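What follows is a structure written as structure tokens; I'll ask about it next.
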Amino acid sequence: MAKTFNGKRPENLRQTLGKLFAYLGRHRFLLILVGVFAAISASANLLGTYMIKPIVNQVTENGDISLLLRNVAIAAAIFGTGALSTLGYTQIMVRAAQKVLCDIRRDLYGHLQKLSLEYFDSRQKGDLMSLFTNDVDTISDALNNSFAMIIQSFIQIVGTLTLLFILNWRLSLLVILGYGAMFLYIRYSTRKSKFYFNRHQTYLGELDAYIEEMVAGQKVVKVFNHEKENLEKFAEKNRNLQKAGQSAQGYAATMIPAVVSISYINYAIIAVVGGIMVILGMSDIGSLASYLVFARQSAMPINQFTQQGNFLLAALAGAERVFHTMEIPPETDKGTIELVNVRKDSRGALIPCEERSSLWAWRDSAHPERPLVPLKGDVRFHHVTFGYRPGQEILKDISLYAKPGQKIAFVGSTGAGKTTITNLINRFYDVTGGEITYDGINVQDIRKNDLRRSLGIVLQDTHLFTGTIADNIRFGKLDATQEEIENAAKIANADSFIRRLPQGYDTMVTSDGANLSQGQRQLLAIARAAVADPPVLILDEATSSIDTRTEALIEKGMDRLMEGRTVFVIAHRLSTVRNANAIIVLEHGQIMERGDHDELLAQKGEYYQLYNGMFELS
């Protein structure tokens with residue numbers, strides 16, 4: 001679900017800054033160099049401008065050409081040093097910024113991998129993608145453009161004020177008044193900008209999420225002629241973004257003109273008063289010349305400071321979203337039972353082994369002295385209750401069992417709880433009541449990675465990754481050989497169509513398999529499960545996108561795949577569940593009937609009515 005704006009500014013600016021500085025601290029050496037070079041650059045600009053005083057006085061007072069040339073050479077050397085320092089810190093800052101951004105993206109993606117499926121189910125993909133694009137990009141802009149510039153601008157502001165007081169403390173009082181007016185307006189404008197920059201980032205995430213969703217569903221949009229309605233909704237979200245961006249940039253854009261206007265007025269007053277002081281002998285002309293340059297330049301570091309403040313405001317709004325996501329608690333896993341390869345010794349006892357074998361067992365890593373439990377695939381539900389939201393139960397006191405090698409089929413109407421049962425087996429969600437055991441072990445005591453490694457799942461909604469056909473099948477077992485991949489494809493009856501493709505198993509798959517039919521994508525998903533060779537197989541409408549002829553062709557292959565395995569099947573086609581050891585009829589989260597095909601027909605209950613077309617499965 002996309003995050004909506006609640007009308008508040010960033011809740012904890014100090015915490016966001018602290019976390020950002022923690023990332024900067026990982027590359028403190030480079031940033032120290034940036035600070036040193038930025039300080040040299042700012043100091044060089046100040047000293048070079050101060051050299052106007054002795055140069056002008058040298059011309060007006062004694063006209064010594066050699067001394068004049070020496071002072072000009074010193075000023076040139078100072079400005080040259082400043083230019084080289086500027087070049088140095090900009091190049092180092094680019095390198096440091098990219099390292100920091102690399103760390104943030106890595107940590108953000110790594111944290112997302114640890115979050116539960118519930119997190120992804122409740123959010124739009126576009127909103128998540130916005131974290132890596134829009135939000136990280138704003139941080140990038142701030143680091144590349146603002147970090148060193150703020151250091152330089154701060155030194156110039158302090159240095160300029162100091163030198164102004166040294167040159168003429170009376171005129172500097174007028175400068176202080178101008179500075180005060182500038183900072184009061186900057187403070188007001190910054191507070192307004194910060195509010196709207198945060199709103200802008202939120203609306204930008206919502207718009208990205210909407211675009212991603214509509215682009216992915218273009219076929220459905222066109223089928224139902226919803227282009228006009230979608231355009232209107234897009235226009236509304238786009239207007240919200242435009243208004244927020246207009247307000248944010250509008251307030252931010254007034255900073256520089258306001259500061260420049262105040263500085264012009266201040267400069268004019270100082271020039272008049274300073275000229276009068278020179279005429280009255282209260283100041284020398286060299287000091288006034290240097291002073292006026294400083295006064296004219298005094299607005300420049302403030303402008304730079306406020307301009308970089310705009311980048312920082314946007315960056316902090318983006319960084320807050322990124323860090324907020326990274327603060328979401330990861331998926332908890334307190335399991336200690338792990339899955340290990342085993343072999344039998346001379347006495348037939350199971351012992352762990354490093355090499356890959358055909359035998360697996362459960363081992364308690366917290367208590368290695370306990371005996372190994374052979375992996376068989378015995379799955380049982382004991383009075384299981386579950387709801388995705390508190391107070392809204394989907395499953396109500398479900399008890400069932402699947403002995404090793406049995407094929408259990410679930411049938412029932414939409415919302416009956418069929419897919420929920422399979423989500424609980426692999427612990428995408430945890431039960432709220434009762435327990436599920438796997439080979440006699442509570443699944444909550446098994447490490448999630450090991451539990452899921454023992455399961456093979458074929459979902460109704462297939463997902464193929466960018467890569468070759470072979471790579472997508474190999475996703476089920478990353479170290480699978482080409483021979484294993486082809487055998488898995490044969491089991492799923494995918495080998496024949498794969499070999500007819502232009503490059504066979506090396507054919508590239510793009511855009512989630514857009515160059516393949518839905519049935520072909522489903523066959524690849526089945527092959528992916530086959531190559532994993534799991535003891536427990538979950539088929540969630542695995543053949544829903546395959547025509548009856550293809551389904552008949554792969555039936556024998558699927559039987560070979562399911563042989564000796566515990567299999568859970570969710571099916572709408574009753575023809576796919578006839579040979580199941582047990583068929584469970586679910587309605588409203590409860591088991592209404594259980595038995596094999598013939599037994600349920602004899603009962604003439606709900607299954608009988610479904611089978612004879614009196615009810616329609618959905």
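The values are calculated or read from the model by the stated rules, or taken from the named source; none is laboratory data. In this text, all values refer to a predicted model and were calculated from it rather than measured experimentally. No Cβ is skipped: glycine too gets one built from the backbone with ideal geometry, and neighbour counts run over all protein chains shown. The protein model used for the area step is the full one, side chains on, heavy atoms only, and it has no ligands, DNA or RNA in it. Shrake-Rupley method; radii C 1.70, N 1.55, O 1.52, S 1.80 Å.
In the stretch 536-547, what residues are at pLDDT 80 or above and either touching a His at 6+ places or on another chain (Cβ under 8 Å) or surrounded by fewer than 23 Cβ atoms within 10 Å (Cβ to Cβ) (or both)?
Within the stretch 536-547, the subset at pLDDT 80 or above is 536-540.
Selection gives D540 alone.
Considering only the stretch 60-70, I want to know if a residue exists there that is crowded, with 19+ Cβ neighbours inside 10 Å and either at pLDDT 75 or above or not charged (D, E, K, R) (or both).
Checked the stretch 60-70: no residue is crowded, with 19+ Cβ neighbours inside 10 Å and either at pLDDT 75 or above or not charged (D, E, K, R) (or both).
Only one residue in I157, I150 is within 29 Å of F323 (Cβ to Cβ), in contact (Cβ under 8 Å) with a residue 40 or more places away in the chain and not aromatic (F, W, Y), so which one is that?
Details: I157 fails: within 29 Å of F323 (Cβ to Cβ).
Matching residue, one of I157, I150: I150.
Listed residues H383, H324, H367; which is open to solvent by 50 Å² or more (accessible area, probe 1.4 Å) and assigned to a helix (DSSP H, G or I)?
One residue alone meets the criteria, H324.
Can you name every residue in the stretch 451-495 that is modelled with pLDDT of 90 or more and closer than 30 Å to D364 by Cβ?
Passing the criteria: only L451.
Here's a follow-up. Which is open to solvent by 90 Å² or more (accessible area, probe 1.4 Å) and at pLDDT below 80, of Q249, Q242?
Values: Q242 fails: at pLDDT below 80.
The match here is Q249.
Another question, then. So which residues in the stretch 488-520 are open to solvent by 40 Å² or more (accessible area, probe 1.4 Å) and within 31 Å of the chain's Cα centre (by Cα)? It would help to see each step written out before you state the result.
From the stretch 488-520, those open to solvent by 40 Å² or more (accessible area, probe 1.4 Å) are 490-491, 493, 496, 499-500, 502-503, 506, 508, 510-512, 514-515, 517-518, 520; that's our starting set.
Across the stretch 488-520, the qualifying residues are D506, M508, T510, S511, D512, A514, N515, S517, Q518, Q520.
Please go through (1) under 18 Å from A532 (Cβ atoms); (2) open to solvent by 50 Å² or more (accessible area, probe 1.4 Å); (3) in contact with a Cys (Cβ under 7 Å, 6 or more places away or on another chain) for N341 and return the number of the only condition it doesn't satisfy.
N341 satisfies every listed condition except (2).
Table: residues versus (1) touching a Ser or Thr at 6+ places or on another chain (Cβ under 7 Å); (2) more than 30 Å from G82 (Cβ to Cβ).
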position	(1), (2)
L108	yes, yes
L115	no, yes
Y119	no, yes
Q124	no, yes
M129	no, yes
D135	no, yes
M149	no, no
I155	yes, no
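What pairs come out if I take residues in the stretch 198-214 that are among the acidic types (D, E) and pair them with residues that are assigned to a helix (DSSP H, G or I) and open to solvent by 40 Å² or more (accessible area, probe 1.4 Å) whose C-beta lies under 8 Å away, six or more apart or interchain?
E206/K237; E206/N240; D208/M129; D208/T133; E212/K125; E212/M129; E213/K125
Going by the conditions given, is T336 under 21 Å from I436 (Cα atoms), in contact (Cβ under 8 Å) with a residue 60 or more places away in the chain and not basic (K, R)?
Yes; evaluated as a whole, the condition is true for this residue.
Just checking, which of G595, G564, G589 is at pLDDT below 85 and either of a type in the set (D, E, K, R) or more than 16 Å from Q460 (Cβ to Cβ) (or both)?
G564
Yes or no: G88 free of Cβ contacts under 8 Å to residues at least 60 places away in the same chain, in a helix (DSSP H, G or I) and crowded, with 16+ Cβ neighbours inside 10 Å?
Taking the combined requirement at face value, the residue satisfies it.
A quick yes/no check of all residues on (1) over 30 Å from L610 (Cα atoms); (2) among the aliphatic types (A, V, I, L, M); (3) more than 35 Å from the chain's Cα centre (by Cα):
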| residue | (1), (2), (3) |
| --- | --- |
| L359 | yes, yes, yes |
| W362 | yes, no, no |
| P371 | yes, no, yes |
| L375 | yes, yes, yes |
| H383 | no, no, yes |
| Y401 | no, no, yes |
| A409 | no, yes, yes |
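Could you tell me whether Y109 is among the hydroxyl-bearing types (S, T, Y) and farther than 30 Å from G217 by Cβ? I'd like the intermediate steps shown before the answer.
Working: among the hydroxyl-bearing types (S, T, Y): yes; farther than 30 Å from G217 by Cβ: no.
It is false that Y109 is among the hydroxyl-bearing types (S, T, Y) and farther than 30 Å from G217 by Cβ.
Right, here's the next one. Grab the helices (runs of 4 or more DSSP H) fully contained in the stretch 128-216, keeping just those with 3 or more residues being under 20 Å from the mean Cα position of the chain (by Cα) and crowded, with 22+ Cβ neighbours inside 10 Å. Lay out the reasoning, then the answer.
Values: elements: 136-145, 147-167, 169-216.
Ranges flagged: 136-145, 169-216.
When the stretch 428-455 is examined, which residues are found to be among the hydroxyl-bearing types (S, T, Y), part of a loop (DSSP other than H, G, I, E, B) and closer than 15 Å to F381 by Cα?
Y429, T432
Among the residues of the stretch 584-609, which ones are under 41 Å from the mean Cα position of the chain (by Cα) and either within 27 Å of A529 (Cα to Cα) or open to solvent by less than 50 Å² (accessible area, probe 1.4 Å) (or both)? Give the derivation first.
As a first pass, look at the stretch 584-609 and keep what is under 41 Å from the mean Cα position of the chain (by Cα): 584-591.
Scanning the stretch 584-609 gives I584, V585, L586, E587, G589.
Only residues that are free of Cβ contacts under 8 Å to residues at least 60 places away in the same chain and outside any helix (DSSP H, G or I): list them for the stretch 480-495, please.
Of everything in the stretch 480-495, those that are free of Cβ contacts under 8 Å to residues at least 60 places away in the same chain and outside any helix (DSSP H, G or I) turn out to be A480, T481, A494.
Quick one: which of A349, A409 is surrounded by 13 or more Cβ atoms within 10 Å (Cβ to Cβ) and of a type in the set (G, A, S)?
Checking each option against the conditions leaves just A409.
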